[in-house]
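**Q** One structure coming up, written as structure tokens, with questions to follow.
The values are calculated or read from the model by the stated rules, or taken from the named source; none is laboratory data. Quick caveat, the model's predicted, so the values are computed rather than measured. All Cβ positions, even for glycine, are placed from backbone atoms using ideal geometry, and neighbour counts span all protein chains on display. Remember, those area values only see protein heavy atoms, side chains included, never the ligands or the DNA or RNA. Shrake-Rupley method; radii C 1.70, N 1.55, O 1.52, S 1.80 Å.
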Amino acid sequence: MATNSFHPPVRTLMGPGPSDVNPRILEAMSRPTIGHLDPLFVQMMDELKGLLRYAFQTSNELTMPVSAPGSAGMESCFVNLVEPGDKVIVCQNGVFGGRMKENVERCGAQAIMVVDDWGRAVDPGKVKAALKANPDASVLAFVHAETSTGAQSDAATLCALAREHDCLTIVDCVTSLGGTPLKADEWGADAMYSGSQKCLSCTPGLSPVTFSERALDKVKNRQSKVQSWFLDLNLVLGYWGGDGKRAYHHTAPINALYGLHEALVILQEEGIEAAWARHQHHHNALRAGFEAMGLTFVVPEAERLPQLNAVSIPEGVDDAAVRTRLLQDYNLEIGAGLGVMAGKIWRVGLMGYASNQTNVLNCLGAMDAVLADMGAPIEKSVAVAAANAVYAD
Ligand SMILES: Cc1ncc(COP(=O)(O)O)c(C=O)c1O
């Protein structure tokens with residue numbers, strides 16, 4: 001029997017990403033494919049770099065999308081900035097700090113771990129102590145927005161500490177870019193990587209990155225070859241570089257880049273501060289609804305990400321059964337816990353295009369109905385009203 005075309009259902013994506021893709025982006029991606037060295041495409045690439053600088057709030061010349069998902073952006077920062085024998089201070093307060101450690105070790109370097117509880121921000125006091133105890137460390141790496149728990153770390157303070165100790169910084173901004181205040185230049189961050197599928201509401205598969213002049217100097221003056229051919233910035237710059245000459249490096253994902261360009265045009269139209277404020281506003285309404293139901297947040301309020309709401313699963317409730325009912329009956333995806341949080345928390349994303357009033361109210365209504373029907377110990381029929389009270393304010 002012949003296999004038919006794949007037609008996915010229309011879901012509401014309120015998990016840890018991908019988030020709902022703005023239809024304008026899907027339309028942009030369906031435009032005609034042109035060559036990756038076509039002068040009009042090259043012009044679009046230059047615009048894309050400018051738009052990314054706005055998103056990262058930077059004037060870094062080397063700001064571009066890596067042609068692969070966030071994990072490749074992460075790897076691109078580590079393989080270019082870390083050499084065998086280097087010492088790197090890695091902060092871990094969730095899943096993704098653990099992946100940074102893996103990257104450091106695969107570069108032949110030593111990872112000095114600064115560990116904090118899952119669900120808490122990175123503790124700057126511990127980082128300060130680690131920097132002092134390891135004056136030969138060359139890089140400090142941390143996750144700004146830890147998607148596995150919903151905790152946000154104080155990137156400005158951590159970058160300032162690294163500078164005081166003459167360390168470069170690698171900052172994971174996969175979940176923060178476009179969703180929560182992020183200021184590469186003001187913070188003095190050296191290398192940042194993100195993902196297209198979170199608060200930018202684009203399809204997955206691209207990783208915006210930005211590198212400071214200091215970082216670029218390090219890349220250009222390495223003792224050893226970058227271990228990855230594909231991610232070696234010295235080569236990638238032949239295609240994405242600023243000198244006007246564009247040479248073939250790899251075939252760019254042309255239509256995906258149209259999508260990212262459109263996503264960033266949308267961000268520019270809204271204004272970055274307005275986008276950050278919108279994420280906070282809808283988080284406030286969702287939080288009111290969850291708290292009225294009796295669900296508790298994992299992360300203390302001052303360290304909480306507005307775009308990733310992690311709540312504890314009430315006693316005796318079947319995690320997977322709830323998520324399945326939400327998907328089947330409401331076409332609504334929320335996220336499960338990762339790592340040590342698996343089975344203990346739900347992660348409800350309000351990212352980018354998905355961060356809106358309709359989604360907040362529908363999600364609360366659906367969770368209220370499903371949990372009440374399953375006999376969960378929640379306060380019934382109050383969540384939507386509590387969120388509406390925030391919107392009415
Ligand atoms: C904080 C963080 N870092 C890195 C990644 C990896 O990104 P990707 O899944 O696009 O490779 C993710 C993905 O969820 C993330 O949330």
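**Q** For the condition touching a helix residue (DSSP H, G or I) at 6+ places or on another chain (Cβ under 9 Å) and within 16 Å of the ligand (Cβ to nearest atom), what is the one hit in 157, 149? Can you show your working first?
**A** Numbers: 157 fails: within 16 Å of the ligand (Cβ to nearest atom).
Step by step, each of 157, 149 is checked, and only 149 is touching a helix residue (DSSP H, G or I) at 6+ places or on another chain (Cβ under 9 Å) and within 16 Å of the ligand (Cβ to nearest atom).
**Q** Hey, another quick one. Within region 242-259, take every residue that is open to solvent by less than 20 Å² (accessible area, probe 1.4 Å) and touching a residue at least 40 places away in the same chain (Cβ under 8 Å) and give me the one that is nearest to residue 193 (Cα to Cα).
**A** Initially, region 242-259 is screened for residues open to solvent by less than 20 Å² (accessible area, probe 1.4 Å), giving 249, 252, 254, 257, 259.
With the extra rule that they be touching a residue at least 40 places away in the same chain (Cβ under 8 Å), the set shrinks to 252, 254, 257, 259.
Working: 252: 18, 254: 20, 257: 16, 259: 18 Å.
Across region 242-259, the extreme among qualifying residues is 257.
**Q** Out of all the residues in region 128-167, which are open to solvent by 50 Å² or more (accessible area, probe 1.4 Å) and of a type in the set (D, E, K, R)?
**A** 128, 132, 136, 154, 163, 164, 166
**Q** Would you check which residues across region 352-388 are among the small types (Gly, Ala, Ser), more than 17 Å from residue 296 (Cα to Cα) and open to solvent by less than 20 Å² (accessible area, probe 1.4 Å) and list them?
**A** Once the filter is applied, which keeps residues that are among the small types (Gly, Ala, Ser), more than 17 Å from residue 296 (Cα to Cα) and open to solvent by less than 20 Å² (accessible area, probe 1.4 Å), region 352-388 yields 352, 354, 355, 366.
**Q** Moving to a separate point now. Could you tell me which residue of region 59-101 is nearest to residue 223 (Cα to Cα), considering only residues that are among the charged types (D, E, K, R) and more than 12 Å from the ligand (Cβ to nearest atom)?
**A** In the first step, residues of region 59-101 are kept if they are among the charged types (D, E, K, R); the result is 61, 75, 83, 86-87, 99, 101.
Keeping just the survivors that are more than 12 Å from the ligand (Cβ to nearest atom) gives 61, 83, 86-87, 101.
Values: 61: 23, 83: 8, 86: 11, 87: 15, 101: 22 Å.
Restricting to residues being among the charged types (D, E, K, R) and more than 12 Å from the ligand (Cβ to nearest atom), the top hit is 83.
**Q** While we're on this one: Can you tell me how many residues in region 282-313 are surrounded by fewer than 18 Cβ atoms within 10 Å (Cβ to Cβ), within 25 Å of residue 392 (Cα to Cα) and of a type outside the set (A, V, I, L, M)?
**A** Initial filter on region 282-313 (surrounded by fewer than 18 Cβ atoms within 10 Å (Cβ to Cβ)): 284, 291, 294, 296-297, 300-302, 312.
Pick out the ones that are also within 25 Å of residue 392 (Cα to Cα) and you get 284, 291, 294, 296-297, 301-302.
If we keep only those that are of a type outside the set (A, V, I, L, M) as well, we get 284, 291, 294, 296-297, 301.
Qualifying residue count, region 282-313: 6.
**Q** Follow-up. Out of all the residues in region 152-184, which are farther than 21 Å from residue 99 by Cβ and within 13 Å of the chain's Cα centre (by Cα)?
**A** 178, 181
**Q** Write out, first by first residue and then by second, each pair whose Cβ atoms fall under 6 Å of each other, whose residues are 6+ apart or on separate chains, and whose first residue, in region 62-83, is in a helix (DSSP H, G or I) while the second is within 9 Å of the ligand (Cβ to nearest atom).
**A** Hits for this filter: 70/174; 70/195; 70/207; 72/207; 73/193; 73/207; 74/193; 77/193.
**Q** In addition: Only one residue in 287, 246 is in contact with a strand residue (DSSP E or B) (Cβ under 9 Å, 6 or more places away or on another chain) and either within 27 Å of residue 202 (Cα to Cα) or of a type in the set (Gly, Ala, Ser) (or both), so which one is that?
**A** So the residue among 287, 246 that is in contact with a strand residue (DSSP E or B) (Cβ under 9 Å, 6 or more places away or on another chain) and either within 27 Å of residue 202 (Cα to Cα) or of a type in the set (Gly, Ala, Ser) (or both) is 287.
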